[in-house]
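These notes concern the structure reproduced below.
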Amino acid sequence: MKALAIALFATFISQAVLAASPVESRSRGPEGFGNIPYGSASNEAVRLNHGNGVVTSRNEVPVLTYQTKIQGLTFDVTQNYDKNRRAVDALALSTSLEPARACVARFNHVLALLQTTYGQSGSAPLQSRTSQGHIKYTVLIQFSRNDGIEAELTSIDPNSSTSGPGPTGKRSNSAPGPCVIRLHYLPPGWVGHF
């Protein structure tokens, strides 16, 4: 897995060098997620999203849920609204079952797409482990209005004995496992509040 972490980090650093710029010239970032602008009313959600999705309530606060495709990957989207029924953050999850290397390659593809779209590099990947023997890489792309996109990959950790040992006592890099790519779109003013 060290090789995967190095590959992920090297790919991201090479992208970051190309887009490195002072804070003052950072882009404004996205105005929302997909067709839903930050601050738009929940009663307009399905219309703005071209009929795609269902608005439900969680603790009396509206939530729009739907599926979308980004570069061929299917994402389950949850567009959250505040108590005033205005669009705030959006969470997009893509889940699959694949080997760790393929999972990291997908994540690198998503990071490259975000950088190409917004011309902004992010933080160095933060690595952590879960209690289920998975490994997480988290990258925060921050924009000038304290908005951002938190991109996170959760994959099997081939070096973990809890992930199902192979013949050497470690999981094979080619063994399929869960691959979750999470994109959390954070509206202006949200970055730095965590």
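Values in this text are rule-based calculations from the coordinates and carry no lab data. Given the structure is predicted, the values throughout are model-derived calculations rather than measurements. Positions of Cβ are generated from backbone atoms using ideal geometry, with glycine treated the same way; all protein chains shown enter the neighbour counts.
With each label modelled as a point 7 angstrom along the Cα→C-beta vector, the Gln67-Glu31 pair spans 2.9 nm.
Its Cα gyration tensor gives segment 20-158 an equivalent ellipsoid. The semi-axes, each the square root of 5 times an eigenvalue, are 27, 20, 14 Å from largest down.
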